[in-house]
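These notes concern the structure reproduced below.
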Amino acid sequence: MTPGTFELLGFGPQGWGFLLLKAAGTTIAAAICGFFLGSLFGLLGAALKLSSLLAPRMIGQFYTTIFRGVPEILIVYLLFFGGSVAVTQVMNLGGFPGFYSLPVFVIGVIAIGLVSGAYQTEAYRSAFLRLNRGQIEAGAACGMPRHLLLRRIIAPQTLRFALPALGNIWQSVLKETSLLSVIGLTELLRQAGTAAGSTRQPLLFYGIAAILFLIIGRMTGAALGGLERHLAKPWSR
Amino acid sequence: MDWPFLIDVARQLLSGVPLTLQLAGSGLLAGGVLAVLVASAAASGIAPLRWIALAHVEVFRGTPLLVQIFLIYYGLGQIPELRDSFLWPFLREPYWCAILALALNTSAYTAEIIRGALQAVPEGEVEAARAAGMSGVLLRRRITWPIALRHGIALYGSEVILMVKATSLASVITVAEVTNISYRLISSTYRALEVFVVAGAIYLALTFLVSLAVALVERRLNAHHAHRRT
Amino acid sequence: MTSPMQANTANTSPVIATEGLRKHFGTVEVLKGIDFSARDGEVISILGASGSGKSTFLRCLNLLEMPSAGRLHIFGEEVGLRAGKDRLRIANRRQVDRLRTQVAMVFQNFCLWSHMTVLENLMEAPVHVQGRSRAEIREEAEAMLARVGLTARRDAYPAQLSGGQQQRAAIARALVMKPRVLLFDEPTSALDPELVGEVLKVMRDLADEGRTMLIVTHEMAFARDVSSRILFLDQGQIGAEGTPQQLFGGGHNPRFDQFVSRFNQG
């Protein structure tokens, strides 16, 4: 007797339910970590690109060109293979012979951070350019030092203007985590693949993975939409 | 710098470029036709058609392309009717599965671009055409579509670039395009950086050519915005 | 109503003074060496055709615009400026930030912070720059809003207010800092004509209180009635200076008379 669909997806001894949920958790964790690492890179990239000096602008341009123009999966491979080579060399030089590698979760988060950071660079940059110069001047005219201007005026408004673009980038990041299956991270797609292989039910398990991606995307999208509407309130009449 | 190695890598990777271009080209062609159908269905008065179109867009934009590729490559074989049909010789080939997945994926994004572009057509210009006695196909062919095309072309340009990048996922189901060859080189030589630099340069060159082409098309389409040189 | 002559100019050191203030944008010289001083209690209207440099001059006084040359004294203290590539630079940001809390500015485009309510706009600088207590400043801010007639709109966002209301809120925001000088940069120029009056009324009340005000404006009648002194800028230089009676009486300065007559026609 082969188990039916419900047994396969359930939480019983023959069910993949628990493992799939756990993998969904890994997907969400990788997406969140990658997105916020990307915010760090994005803010840095935007600062570089907005610089009045040529050299930082060129570095910023180089960064966004590479990481937006090269397929994400190549970047994942670069960090996976290149990262372990680099770590092994450093360890061997430090007197620890043998072969070393970084956890795939860390590599995956860095890869997603670098890619989404390149897109977030553009989001923050164009949001910053939309700021009203007069309002910043008004702060300066009140004697606000630079850090206060940044924290009280520039940051909140930049975030507000960048939010719609950041929402789109978040959706891309969520889907990009599926690429980490190729380096062995047991996220949703890889777990579904394992289940599909051992039960010979690929349609069912990849279908479930697709549905879970849709649900996660929809729910986080609704939350971000709510935040967007909340932050947009001051600008509505 | 190990030039002989780099040149060897370049030679091998360049042999994958035709396949990369085929995947992108066929995917875009089939996806474009499908996108027009989906966009028409989404705008149609028949509710079930509209629902199908909306579901299509939602599913293919809301799930990772890699999941779609696996569903098609591994999943379709599970359907006995398909296995017995004339389509099976195609659908068991990674190459055709990749093209099908790319086409379905881009059709969802492109349908949205079409919808947005049609929405961006100014009401006033359509009314002006109606006032001049235009209607039906004539109105669409002479006024609505040309204006929408000018609105949508830039976004479609980025979609083409995304598609060129997306062909790299076909590597996962053994299609020997540029990324697949890169992966095999990296995992056999462990010289990730060198291979990455060459592969990255190839993709950047391809996307650069695409954006150049799009810019040219845009310039032609938007000639009415250009300043007349005397 | 204050008589213009009432402003006491004796025995007080200047609140703001400039010596040889110059400013150029590229090759265009906008200010060609301005010597100027304002004393406590003076209401000075700065008039001039567009392009005369009057707004630039006002913005140089709190260093929103960096002069190319010259010296600036605020409350008797010389503001530290050092040479830069094509303009002077602030030598000591702390000093400038400290002085700016005492020199409030009202902008042509109001420049209320759009992510804060009216009340939050008023409380922002006193709380975060001056470090005053929230409770204390809240009371003062509410009183100030009552004064400019905006109590009912205190929780509204700037985008929800009319231009006149925004400018009154901006004036209130300047006042809660308890500044010693108020700078007005064309405060009514961006307003619909029917909203100008409400802003001018607030400014007139402030002048009557004996506040020190420097006003760049195109409102001739207002300048004539309210100012203790008129500064007429003409092509980057002081073209004429004096009481409203002296200047508006005519015959004092032909360029000024021409400016006024052109203005009355236009």
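Could you tell me whether chain B comes out rounded, prolate or oblate from its Cα gyration tensor? Rule is a ≥ b ≥ c as square roots of the eigenvalues, rounded for a/c under 1.5, then prolate if a/b exceeds b/c, otherwise oblate.
Judged from the Cα gyration tensor, chain B comes out oblate (a/c at least 1.5, b/c at or above a/b).
Enter the angle in degrees (range 0 to 90, nearest 10) between the Cα long axis of helix A:202-232 and the first principal axis of the Cα atoms of chain A, meaning the one along which they spread out most.
Long axis of A:202-232 versus the principal axis of chain A: about 20 degrees.
Any idea how far the Cα center of region A:42-102 sits from the one of region A:183-237, in Å?
Their Cα centres are 27 Å away from one another.
Once phi is turned into θ = phi - 60°, what whole-Hz ³J(HN,Hα) does the Karplus curve with 6.51, -1.76 and 1.60 give for every residue of region B:177-194, x standing for Gly and Pro?
Once rounded to whole Hz, the list reads 8, 4, 5, 4, 5, 4, 4, 5, 5, 5, 6, 9, 9, 6, 9, 4, 5, 4.
So who's got an amide H within less than 5 Å of the one on C:Ile34, skipping anything under 5 residues away but keeping other chains? H placed 1.01 Å off N, in plane.
Excluding prolines and chain starts, which carry no amide H, the hits are C:Gly20, C:Leu21, C:Arg22.
What are the ³J(HN,Hα) values, in whole Hz, obtained from phi via the Karplus relation 6.51 cos²θ - 1.76 cosθ + 1.60 with θ = phi - 60°, for each residue of region A:161-166 in sequence order, with x given for Gly and Pro?
3J(HN,Hα) across region A:161-166, in whole Hz: 6, 7, 4, x, 5, 4.
From the convex hull of the Cα coordinates of the protein assembly as shown, what is the mean projected area in square nanometres?
That works out to 45.9 nm².
If we count every other residue with Cβ under 14 angstrom of A:Phe205's Cβ, Lys/Arg +1 and Asp/Glu -1, where does the sum land?
Charge balance near A:Phe205 sits at 0.
Please list, or write none, the lysines whose alpha carbon is within less than 20 Å of the alpha carbon of A:Lys22, excluding same-chain residues fewer than 8 places away.
Candidates past the 8-residue exclusion: A:Lys175.
In sequence order, what are the phi-derived ³J(HN,Hα) couplings for region B:82-96 according to the Karplus relation 6.51 cos²θ - 1.76 cosθ + 1.60 with θ = phi - 60°, rounded to whole Hz, with x for glycine and proline?
3J(HN,Hα) across region B:82-96, in whole Hz: 5, 4, 8, 8, 5, 6, 4, x, 7, 6, 8, 8, x, 4, 6.
Just want to confirm a number: the relative contact order over region B:3-223, from Cα pairs under 8 angstrom separated by 6+ residues, in percent.
Normalised by residue count, the contact order of region B:3-223 is 29 percent.
Top mean-square fluctuation among B:Ala43, B:Ala199, B:Ala148, Gaussian network model of chain B, C-alpha springs under 10 Å?
The residue that fluctuates most here is B:Ala43.
By how many degrees, 0 to 90 and rounded to 10, does the Cα axis of helix B:3-14 deviate from the longest principal axis of chain B?
For B:3-14 against chain B, the angle is about 50 degrees.
Taking A:Lys49 as the anchor, which lysines have their alpha carbon closer than 26 Å to its alpha carbon, excluding any fewer than eight residues away along the same chain?
Answer for A:Lys49, where 26 Å is the Cα cut-off: B:Lys165, C:Lys85, listed by chain and number.
Taking Cα centroids, how far is region C:65-100 from region A:149-170 in Å?
Here the answer is 32 Å between Cα centres.
Rule-based calculations on the coordinates, nothing more; no lab input. Please read these numbers as outputs of a predicted model, since none were measured by experiment. Cβ coordinates were reconstructed from backbone atoms using ideal geometry, including for glycine residues, and neighbour counts include every protein chain displayed.
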